[in-house]
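Data block below; observations after.
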Amino acid sequence: MNLAILALSTSVLFAQAPSQADDDLAEQVRLAKRDVDSGEYAKASQRLAQLVEAGHFQSQDLRSEAYRLLGISLILQQPPRPEEAKNAFREVLLVDPDTELDPFYVPQRVVDFFDQEKKELEPQLAPIRAQKRAERDVRRKQLEAEAAKRREEEQQRRIRSLQPNVERRVIQREFWVSLLPFGGAVDAAIHFKPETQLQDKLLVPPAPGAPTGSLHPEERRAPRHAKAEPVTASYEGAP
């Protein structure tokens, strides 16, 4: 019993560990961004270098953000470390070749350095870019097909909801009844029909506030004391 509890506790601990690790990494990246924004580039690069060296990122976006900030801090610190910055930016571009740095937030000399690195890596980036675009196109087509299927299902539901509810009434007869005496047996046998289909009865839902019950037009015009007789099992020619 104790072993079972221990095993369960261990499994829960390992299940929670990745989430806690992701939160810790995200917090470290956030602190590094704060250092970059405040001009403490050396401090930011030291923090980020430790993170990327450990390589425990569960999220690809978080990993790319760490390398992006690392490259920026390596270029802006004194003295700059351009070769290490190239390696950091290379990791960003190999994941997403269409990544760009916004000059509104990043100094222009860092943007120029990044764009130059992208240009030099273009032979490696071109097939990656083509593959990612193909994947995006496939995903887009899947989403469009799913959306079209949902629209078709919704349209079918609307059509079914608008279709009238019709009650089909049929009088069934037994042939042996036509052979009874005083029933015109010969004529009844000649003209015998096993069933007769009556006019379909449209079942109209009651209007808001209207009394419940049958709303067939003929029944609405009938006197209050009239009572409809069942017609589902009548026999012609019976005494």
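The values are calculated or read from the model by the stated rules, or taken from the named source; none is laboratory data. Everything numeric in this text was worked out from a predicted model, so none of it was measured. Using ideal geometry, Cβ is built from the backbone for each residue, glycine included, and neighbour counts are taken over all protein chains shown. Just the protein is used for accessible areas: all its heavy atoms, side chains included, with ligands, DNA and RNA removed. Shrake-Rupley method; radii C 1.70, N 1.55, O 1.52, S 1.80 Å.
Inside the range 86-111, residues that are among the acidic types (Asp, Glu) and surrounded by 15 or more Cβ atoms within 10 Å (Cβ to Cβ) make up a count of 2. For GLN116, the conditions (1) of a type outside the set (Phe, Trp, Tyr); (2) under 14 Å from LEU70 (Cα atoms); (3) open to solvent by 80 Å² or more (accessible area, probe 1.4 Å) all hold with the exception of (2). Taken over the range 133-162, residues that are farther than 30 Å from PRO97 by Cα, within 17 Å of the chain's Cα centre (by Cα) and basic (Lys, Arg) amount to 3. In the range 45-66, the qualifying residues are those that are among the hydroxyl-bearing types (Ser, Thr, Tyr) and open to solvent by less than 30 Å² (accessible area, probe 1.4 Å), and the one that is nearest to the chain's Cα centre (by Cα) is SER64.
Can you spot a residue in the range 17-26 that is over 36 Å from the mean Cα position of the chain (by Cα) and in contact (Cβ under 8 Å) with a residue 12 or more places away in the chain? Before the answer, list the steps.
Keep residues of the range 17-26 that are over 36 Å from the mean Cα position of the chain (by Cα), which gives none.
Among the residues of the range 17-26, not one is over 36 Å from the mean Cα position of the chain (by Cα) and in contact (Cβ under 8 Å) with a residue 12 or more places away in the chain, which makes the answer no.
Count of the range 67-85 residues, restricted to those that are in a helix (DSSP H, G or I) and surrounded by fewer than 19 Cβ atoms within 10 Å (Cβ to Cβ), is 3.
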